[in-house]
Amino acid sequence: MDMKQFQIINRFPGMSEICRKDSLARNMNRMFKFFPKEYNIFPRTWSLPADYEDFQAYSRRRKGETYICKPGRGCQGQGIFLTCNADDIKPEKPMICQQYLEKPFLIDGFKFDLRIYVLVTSCDPLRIFIYNEGIVRFATTSYTKPNSKNLDNVFMHLTNYAINKHSANFIRDDVKGSKRKLSTLRSWLENHGYDTVKIWSEIDDVIIKALISIQPILKRNYQTCFPYCAGSNSFEIIGFDIILDQKLKPWLLEVNHTPSFTTDSRLDHEVTDALLQDTLNIIRIRASDKRQVIEEERRVREHSIQSKLPKVARRQGLVKTQTSWLEQVEKYEDSHLGGYRRIYPNDKAEQYGKFFKPGSLVFKQTATSKARAECVRKQLEEFNQKQEPKRVPFGMSQRLNPDAVRGESASEKPVTYHVPTRPTCPPPTNIRSMERKLRFIRPPVLCQESETVTVLPLPDLRSRHTTSFPSAHTAPSHHSNRDVPQLSRLFQPGRAAPPSSQHPAGRQIHQRVVQNVRATAAVSEPVKQPARDSQRSLSGARTKAAQSKNIYLYKYSV
């Protein structure tokens, strides 16, 4: 991110999404799910331990399959082994398990693969070049179908040069040796009547599709590092390992982030020296004035800040600058290709348009992503179980019920309120202050008449009409206050007591309040029962009770 316009780096941020074996498997499996026919170019691969259940289910359906296991970040054939028994693969160690191609195309009875050098000069838009020359790497032991006796023979099943160069059967010959040029293989195929044009066209298709699978990641990462750059300040040479089956269909094995440029033989010098020289020519490395470029960057940035152009205008300006840059680049590349040939964009670029998926689908709809989501869900559940349950404030159920706030008439059905349970808490330090806070929110008018208590809730003071006055009702004393949620906890038998009464200090306060309320009801001036509970009689009873000054208002809160 600290690079300047005149600087160029031989790396793209985010290219590891295709160069690491586990990331390559994830991206290719994702694209295979969207386009199963077009992306059938990669052997069935599982990323363990995330895909272990899917792998076990597949192995039970397909008996006798051979699997090749590789470390997710390994190179040069290190840590690779073959197995025919799925039970030998344990999920504890992270690795890649891939279906082994048991029927490869053989030359003189030996298995081989192709190392193809690919140059990426831009990710937005995507520009891909293939070098015409490459390396063909042969195994050093005649190939036989995998069985229990030859699974450990790495010189038969692996084609890595770092492994086979230590074999006693390794031959150094440009035409019939264990390491040959790509042009030599092309000549051999043409001499034996194979359609080389079709083979190389399919190889180009495999490389294009593999890079398209990570193009949204490359684009997003590059724009983060170079937000004001209309061209490309990065390039990268990556090595694709391709193998041909017996039907000459190309399959992608892996992608190398840093392909080996070692020169152990004359063949290596001929390939790598020309490759590096043509790469430096095509990326147009030239001298530039450092001070002038820095001054130009500062001027453009200040102009964009001062002008405060809208987002649409800035985007249009960037597209215009990028279009002019592409025109200049294409003219230069056509005259400086050297040993390269451009495979994308090409005349058939329209057929790849459907493969460019939005960045939001990069890590979705795969078994690996689902396994990650399930793992995160289990971790969250374990975390929540360790946490203490949240304490519900006393009286919260009443606040959540609108009828408990604005009151209800006596003729309506009473609402049952449940006191939430919560863990015990230490008693209050100041008992007297706690006692002063124990008041009742809804003030009832308590009147005594023989063996019953008449509860007259106060009317809605916001209304001046007589219809807002609730109708009184008569009930036994232990049910007389069921319309008052706070008193129901004090009088009704079998109902839960307030949480504060769970402690000795709170229990004393609770008992004292109960005694005071009952004493108030006992000493209140008797009022005769109205004849027909008319509104006028109720109003008179309420007025007379209020004049006697025996109305006690309590507020109960914790």
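For the reader, a short list of remarks on this structure follows.
- For the range 51-152: rounded, prolate or oblate by the Cα gyration tensor [a/c cutoff 1.5]: oblate
- Heavy-atom accessible area with a 1.4 Å probe sorts LEU326, LEU380, LEU276, largest first, into LEU380, LEU276, LEU326.
- Amide proton proximity set for MET95, modelled H, under 5 Å, gap of 5+: LEU48
- Nearest-20 debye value, the range 183-236 charge dipole, Cβ charges on Lys, Arg, Asp, Glu: 280
- Cα-based shape type of the range 108-197, given that a ≥ b ≥ c are square roots of the gyration tensor eigenvalues and the cut on a/c is 1.5: prolate
- Rg(Cα) / (2.2 N^0.38 Å) computed for the range 202-292, rounded to two decimals: 1.41
- Legend: residues HIS166, HIS336, HIS192, sorted from most to least accessible area (1.4 Å probe; ligands, DNA and RNA excluded), read HIS166, HIS192, HIS336.
- A 1.4 Å probe over all protein chains sorts TRP200, TRP325 by accessible area into TRP325, TRP200, starting with the largest.
- Taking the Cα centre of the range 229-276 as reference, the dipole from Cβ charges on Lys and Arg (+1) and Asp and Glu (-1) amounts to some 220 debye.
- A simple rule links phi to the HN-Hα coupling: the Karplus curve 6.51 cos²θ - 1.76 cosθ + 1.60 with θ = phi - 60°, which for the range 235-242 gives 8, 7, 9, 10, x, 9, 9, 10 Hz, with x for Gly and Pro.
- When nucleic acids and ligands are ignored and a 1.4 Å probe is applied, PHE81 ends up with an accessible area of around 80 Å².
- Take the Kirkwood radius over Cα pairs of the range 161-262, plug it into Stokes-Einstein at 4 °C and 1.567 mPa s, and you get 77 µm²/s for translational diffusion.
- Under 12 Å, Cβ to Cβ, from PRO250 - net charge with Lys/Arg +1 and Asp/Glu -1: -2
- Prolate is the label for the range 1-75. Its Cα gyration tensor axes, ordered a ≥ b ≥ c, give a/c of at least 1.5 and a/b above b/c.
The values are calculated or read from the model by the stated rules, or taken from the named source; none is laboratory data. Here the structure is a predicted model, which means the values were calculated and not measured. Positions of Cβ are generated from backbone atoms using ideal geometry, with glycine treated the same way; all protein chains shown enter the neighbour counts. For the accessible areas, the whole protein counts, side chains as well, though only heavy atoms, and no ligand, DNA or RNA atoms are used. Shrake-Rupley method; radii C 1.70, N 1.55, O 1.52, S 1.80 Å.
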